[in-house]
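The values are calculated or read from the model by the stated rules, or taken from the named source; none is laboratory data. Quantities reported herein were computed from a predicted structural model and do not represent experimental measurements. Cβ placement follows ideal geometry from the backbone for every residue including glycine, while neighbour counts extend to all protein chains displayed.
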2 protein chains.
Amino acid sequence: MMKFYKKAILPKNFKANGIACGIKKSKKLDLALFYSDIKAKAGCLFTTNKIQAAPVQVCKRYIKSSKNFNAILVNSGNANCFTGDTGIRDAELTAEVIARALNIKKQNTLVASTGIIARRLPLNLIKKAIPQLVAGLSKQGIGKAKRAIMTTDLFAKEVTVKFNIGAKEITICGVAKGAGMIAPHMATMLVFIFTDANITQNAINKALSISVDNSFNCITVDGCMSTNDSVMLLANAASGNYLIDKGNNFTLFLKALSITCLELAKMIIRDAEGASKFIEIKVRGAKKFEHAKKVALSIANSNLFKTAMFGENPNFGRIVASAGASGVDIKEKDIKIKVSPLNKNDIFVDVSIGRGNSSCVVYTSDLTPEYIKINAEYN
Amino acid sequence: MMKFYKKAILPKNFKANGIACGIKKSKKLDLALFYSDIKAKAGCLFTTNKIQAAPVQVCKRYIKSSKNFNAILVNSGNANCFTGDTGIRDAELTAEVIARALNIKKQNTLVASTGIIARRLPLNLIKKAIPQLVAGLSKQGIGKAKRAIMTTDLFAKEVTVKFNIGAKEITICGVAKGAGMIAPHMATMLVFIFTDANITQNAINKALSISVDNSFNCITVDGCMSTNDSVMLLANAASGNYLIDKGNNFTLFLKALSITCLELAKMIIRDAEGASKFIEIKVRGAKKFEHAKKVALSIANSNLFKTAMFGENPNFGRIVASAGASGVDIKEKDIKIKVSPLNKNDIFVDVSIGRGNSSCVVYTSDLTPEYIKINAEYN
């Protein structure tokens, strides 16, 4: 049986904390630390944007050289991107500082940043705050940590799933900051997932890849891809369960991780900048999952579809035309469309393309004058 | 020497007319006829959307079975798309009716439609109007024809280029209706080009393909692709020039056709729905033209970039991030960006990616609350 909580409950041997170190002039929380007091395996997926922010580049390097991780340091208020080699050194320095404070190696840490672009990280503010950040680590600290990763998010995104393998209870806990064109200058989605599952590196990688493909890769606000997008998972084996590799236990873990990712992804869409509608688009009858996804994303990213949804206008033509623009081979006569009543906040669009048995669900928001206001007038 | 006119001047042996037959309830002009009284070769390019409107499907069939064309019949106010087999029969019937009136075969005609979707063409209105439409054909009739193809366009798009091959003057004349998310339900771009050049079919196809690739395929309002987009060229050889095939004369013809297409394309962007800015994006330093185009279109289609332009916000980060999201291999340190002052109506964005010597220019508009208003509230 799987238990689901709409709040973050850290798994065994994990602690966290969040403080305001002064990066944000608003004095809101802006520095978060997630910590496992025993070593953990890590699974990471990063933006496929060819331009990658400094912390992403540094994490990729650490993941190559290290198998174990204890900490993730995250700052909001400054994205440390478009900062060149200086930005890379700054990201490494923050890793060094937190590693020293935790008595680990910098290669055992991961770092992430979100916020204003093209400005140097205020290293002194971060350095000065580290002792307090570390001293305050606790199970309950996740409450502050989840808020310290936020930029323009209107609410914290948090999920916990618990399930058993034999007598051992396993917890998966995820927090996220949204991709609803967050931050003054750039969309960034950051997702941190913690589990006490005992699981092989291969199983982590496979489960994370599948889960992300069906969740964070199935949401879109405006099709824009950030340079900082990161999904990081730490698994510290504290639950002591029989090692998850392949077989039934993998399926169970995958299911729990998928729920975690999907719920966080939906929360990100619910918090999309300027959005007035939460839109679920199901494309069915495709030959392959990839085809269904392509059609669904083509509809979801169509400005004409999105404005029609905002206008509460059931414009079937725009849905068919954007499906056709996806490049997937479909015929007008095979397409069947159902749209739920548009005067609600939650809209369901069901598109059947009559080509096969695969389907995909994608989540998006409408395009509103408020979106333009937020993104045009942030100065 | 090449002469350029910002108005439509029909080449030798071409006539046109436009009337109000009642498809538009506003009683505005809605039926246009373009006619060459001697047979002409045709070059056509259609939407790559997998869903294609009935007139597009019918034209494709006629082009396969016929080498010569005399007429293009265009109606606005009804797109004849999402109309199934009935729509196909209706499109063929209009071709038959106009062919009979002109004493030609239906396979020697081309048809195009733009306007409201998913409604049957009012055949009776069209049939009834044909005698008057044909009777009124004249050189000056292009003035009415160019307006009869418009839907929500704010101005007619028209260009003429004249040049000489030997002692023979050749005219290329083009008219277009815009893709600025025209019509209540759908974007459609229709382009009609007429020339009295004597030119081989191969040369027509090649010149049209190159010209369209550098003009209409380099503009984007919102990345949405219509089911009706069509570019049609008729060449009737009336100029009596030495046959254009390969060599210098081809280059000359290509240059004149490219200017025609590019000027029409720019006019379409200037008339984009709700736009407040005309934006030219030049991407330089690419390994291939296709790479430059991919990067430029990725920037041009980024809602974050477009809203920043509306907000007169020189957001370099959004430009770099959308360039990186294009999938083309680029490095942050190689990218150089220049943006002209944003408080003007015309904006120039120059992006150098430091990888090679190819470049591409793309034209787009900003994303404004007015765009959303037009496209959300058209009911």
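Tell me whether region B:149-157 contains one or more residues that are of a type in the set (G, A, S) and under 30 Å from B:T83 (Cα atoms). Yes, region B:149-157 contains at least one residue that is of a type in the set (G, A, S) and under 30 Å from B:T83 (Cα atoms). Scanning region B:352-368 for residues being within 14 Å of chain A (Cβ to nearest Cβ) and either among the aliphatic types (A, V, I, L, M) or crowded, with 18+ Cβ neighbours inside 10 Å (or both) gives a total of 7. When A:L243, A:L252, A:L234 are checked against the criterion of being away from chain B (no Cβ under 14 Å) and under 17 Å from the mean Cα position of the chain (by Cα), a single residue qualifies: A:L234. Selection of region A:3-26 for residues being surrounded by fewer than 20 Cβ atoms within 10 Å (Cβ to Cβ) and of a type in the set (G, A, S) yields A:A20, A:G22, A:S26. Selection within region A:330-351: residues that are within 12 Å of another protein chain (Cβ to nearest Cβ) and of a type in the set (A, V, I, L, M, F, W, C). The member of this set that is surrounded by the fewest Cβ atoms within 10 Å (Cβ to Cβ) is A:I337.
Scanning region A:313-327 turns up no residue that is closer than 27 Å to A:L262 by Cβ and among the aromatic types (F, W, Y). Among the residues of region A:37-81, those identified as part of a strand (DSSP E or B) and farther than 22 Å from A:A237 by Cα are A:F46, A:V74, A:N75, A:S76, A:G77, A:N78.
Residues in region B:99-138 that are within 14 Å of chain A (Cβ to nearest Cβ), in contact with a Lys or Arg (Cβ under 8 Å, 6 or more places away or on another chain) and among the small types (G, A, S): B:G115 only. Does B:A272 meet the test of being modelled with pLDDT under 90, crowded, with 23+ Cβ neighbours inside 10 Å and in contact with a strand residue (DSSP E or B) (Cβ under 6 Å, 6 or more places away or on another chain)? Taking the combined requirement at face value, the residue satisfies it.
Residue-by-condition table, conditions (1) under 18 Å from the mean Cα position of the chain (by Cα); (2) modelled with pLDDT of 95 or more:
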{"position": "A:K127", "(1), (2)": "no, yes"}
{"position": "A:R147", "(1), (2)": "yes, yes"}
{"position": "A:V159", "(1), (2)": "yes, yes"}
{"position": "A:V191", "(1), (2)": "yes, yes"}
{"position": "A:T195", "(1), (2)": "yes, yes"}
{"position": "A:N198", "(1), (2)": "no, yes"}
{"position": "A:Q201", "(1), (2)": "no, yes"}
{"position": "A:V212", "(1), (2)": "yes, no"}
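Taking the criterion of being within 14 Å of another protein chain (Cβ to nearest Cβ) and surrounded by 24 or more Cβ atoms within 10 Å (Cβ to Cβ), the residues of region A:56-90 that qualify are A:V56, A:N78, A:A79, A:N80, A:C81, A:G87. Just checking, does region A:321-329 include any residue being surrounded by fewer than 24 Cβ atoms within 10 Å (Cβ to Cβ) and away from chain B (no Cβ under 11 Å)? There is no residue in region A:321-329 that is surrounded by fewer than 24 Cβ atoms within 10 Å (Cβ to Cβ) and away from chain B (no Cβ under 11 Å). The residues listed here are A:I372, A:I281; of these, the one that is within 23 Å of B:T220 (Cβ to Cβ) and modelled with pLDDT of 95 or more is A:I281. Taking residues in region A:310-329 that are outside any helix (DSSP H, G or I), and partners anywhere that are hydroxyl-bearing (S, T, Y) and crowded, with 21+ Cβ neighbours inside 10 Å, the pairs with Cβ atoms closer than 7 Å and at least 6 places apart or on different chains are A:A325/A:S298; A:S326/A:S298. Taken across region B:23-32, residues that are touching a Phe, Trp or Tyr at 6+ places or on another chain (Cβ under 7 Å), at pLDDT 95 or above and assigned by TED's automatic domain parsing to the domain that holds B:K67 do not occur at all.
Is there a residue being touching a residue at least 12 places away in the same chain (Cβ under 8 Å), touching a strand residue (DSSP E or B) at 6+ places or on another chain (Cβ under 8 Å), outside any loop (DSSP other than H, G, I, E, B) and farther than 20 Å from B:E158 by Cα anywhere in region B:239-247? Yes, that holds for at least one residue. Mind checking whether some residue in region A:353-371 is free of Cβ contacts under 8 Å to residues at least 12 places away in the same chain and not in a loop (DSSP other than H, G, I, E, B)? No, region A:353-371 contains no residue that is free of Cβ contacts under 8 Å to residues at least 12 places away in the same chain and not in a loop (DSSP other than H, G, I, E, B).
Within 14 Å of chain B (Cβ to nearest Cβ), over 21 Å from the mean Cα position of the chain (by Cα) and crowded, with 24+ Cβ neighbours inside 10 Å - does that describe any residue in region A:285-296? Within region A:285-296, one or more residues are within 14 Å of chain B (Cβ to nearest Cβ), over 21 Å from the mean Cα position of the chain (by Cα) and crowded, with 24+ Cβ neighbours inside 10 Å. Give the residue that is farthest from B:I19 (Cα to Cα), with candidates limited to residues of region B:139-163 that are in a strand (DSSP E or B) and in contact with a Leu (Cβ under 9 Å, 6 or more places away or on another chain). For region B:139-163, the residue satisfying everything is B:F163. When the residues of region A:98-121 are filtered to those that are in a helix (DSSP H, G or I) and out of contact with any strand residue (DSSP E or B) (no Cβ under 8 Å at 6 or more places or on another chain), the one that is surrounded by the fewest Cβ atoms within 10 Å (Cβ to Cβ) is A:R100. Being hydrophobic (A, V, I, L, M, F, W, C) and in contact with a strand residue (DSSP E or B) (Cβ under 6 Å, 6 or more places away or on another chain) is the filter here, so list the residues in region B:325-352 that pass it. Answer for region B:325-352, where residues must be hydrophobic (A, V, I, L, M, F, W, C) and in contact with a strand residue (DSSP E or B) (Cβ under 6 Å, 6 or more places away or on another chain): B:I337, B:V339, B:I347, B:F348, B:V349, B:V351. So, of the residues in region B:239-265 that are charged (D, E, K, R) and surrounded by fewer than 18 Cβ atoms within 10 Å (Cβ to Cβ), which turns out to be nearest to B:R318 (Cα to Cα)? Here the answer is B:K255.
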